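Before any comments, here is the structure.
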Amino acid sequence: MTMDSQLTQVAAFAVDCPVDAPGRGSVTLPAGVVRAGSFSIGVDASSQSVRWALTVTQPE
């Protein structure tokens, strides 16, 4: 997973996905790392059959 803000990568991490259990991962970014405006998330799965979900939480 990668997260870009204003064309700059601000986070990246990998999640191991075992066959018999869900894989989980997270990253917490300090305030101000993601600049005002849009951001993008990229997911690169090892197989087209891998199912994934993503939640982005922004504090008020």
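Summary of computed values
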item: Accessible surface of the chain [probe 1.4 Å, protein heavy atoms]: carbon and sulfur percent; result: 50 percent
item: Theoretical FRET efficiency, 1/(1+(r/R0)^6), r = Cβ-Cβ of residue 57 and residue 36, R0 25 Å, to 0.05; result: 0.90
item: Length gained when the stretch residue 46-residue 20 is fully extended (0.36 nm per residue, less Cα-Cα span); result: 7.8 nm
item: Summed side-chain charge close to residue 15 - residues other than residue 15 whose Cβ falls under 13 Å, Lys, Arg +1, Asp, Glu -1; result: 0
item: Cα gyration tensor shape of region 1-57, rounded if a/c is under 1.5, else prolate or oblate by comparing a/b with b/c; result: prolate
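The values are calculated or read from the model by the stated rules, or taken from the named source; none is laboratory data. Remember, predicted model here, so these are calculated numbers, not experimental data. We place every Cβ from the backbone using ideal geometry, glycine too, and count neighbours over all the protein chains shown. The protein model used for the area step is the full one, side chains on, heavy atoms only, and it has no ligands, DNA or RNA in it. Shrake-Rupley method; radii C 1.70, N 1.55, O 1.52, S 1.80 Å.
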